[in-house]
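Participant: Below are the structure tokens for one structure; questions will follow.
A short reminder: the numbers here are calculations on the coordinates, not readings from a lab. Computed from a predicted model, the values in this text were never measured in an experiment. Here Cβ is always computed from backbone atoms with ideal geometry, including for glycine, and neighbour counts include all displayed protein chains.
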Amino acid sequence: MKNGFGWGRAFAALVLFALVALVVVLALVWAALPLQHTTITINGETIALSGIEGRRAALVITAGVVAVLVGLVVAALAVVFAVGVAALGVVVSVLAVLASLALLASPLLFIGWLIWRLVRPAAGAGTAAA
């Protein structure tokens, strides 16, 4: 029977833990920092953070959490992709080295095979060849 705790569950648990921690940190920062002179400008519209309350504050915290989590997932995927490409490069280079060594050693191997054929006893020494 297959083990029920795989990499997918571990990654999901890690993302959930990061999500909860991020929500708590953003909520604490929102409550603790002075926001009187903090503004955000989007498409020419200026929004003062001190005027955001209730549902809009929750929406801002949620947007921040989603942005951070998307950044973390993209960074993790970039690292996995980079490691995969590096491993592929190592495999290709090892295969190239082995192919060049085989090409260099092939005359010696051929001469060794010819000497072995000359030295070994004949398989059917007692029978006549047709």
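Participant: Once the Cα atoms of helix 55-119 and of the chain are each reduced to a long axis, what angle between those two axes, in degrees from 0 to 90 to the nearest 10, is obtained?
Facilitator: With both axes taken from Cα atoms, the answer is about 10 degrees.
Participant: For the stretch 20-78, calculate the relative contact order in percent as a whole number, restricting contacts to Cα pairs under 8 Å that are 6 or more residues apart.
Facilitator: 31
Participant: Sorted from largest to smallest, which semi-axis lengths in Å does the alpha carbon gyration tensor of the stretch 21-112 give for its equivalent ellipsoid, taking the root of 5 times each eigenvalue?
Facilitator: Result for the stretch 21-112: semi-axes of 61, 13, 9 Å.
Participant: Then there is this: For Val80 and Val24, what is the calculated FRET efficiency with R₀ set at 30 Å and r taken between the beta-carbons, to the nearest 0.05?
Facilitator: Step by step, r from the Cβ atoms, then E = 0.60.
Participant: To test your reading of the geometry: what angle, between 0 and 90 degrees and rounded to tens, separates the Cα axis of helix 7-32 from the longest principal axis of the chain?
Facilitator: Once rounded, the angle reads 30 degrees.
Participant: Here's a follow-up. Compare the Cα positions of Ala21, Leu118, Val80 along the charge dipole of the chain (+1 at Cβ of Lys, Arg; -1 at Cβ of Asp, Glu; about the Cα centre) and return the one farthest towards the positive end.
Facilitator: Leu118
Participant: Please list, in chain and number order, the residues 5+ apart from Ile47 or on another chain whose amide H is under 5 Å from its amide H, with Hs placed from the backbone.
Facilitator: It is Ile40, Thr41, Ile42, by chain and number.
Participant: Then there is this: So, in nm, how far is label Trp7 from label Arg120 when the simple model puts each one 7 Å beyond its Cα toward the Cβ?
Facilitator: Placing both labels 7 Å beyond Cα along the Cβ direction yields 4.5 nm.
Participant: Got the relative contact order for the chain handy, in percent, Cα pairs under 8 Å and 6 or more residues apart? Kindly include the intermediate steps, with their values, before the conclusion.
Facilitator: Working: 32 pairs, mean separation 22.4, N = 130.
The normalised contact order for the chain reaches 17 percent.
Participant: What's the center-to-center distance, using Cα atoms, between the stretch 70-87 and the stretch 88-127 in Å?
Facilitator: So the two Cα centres are separated by 41 Å.
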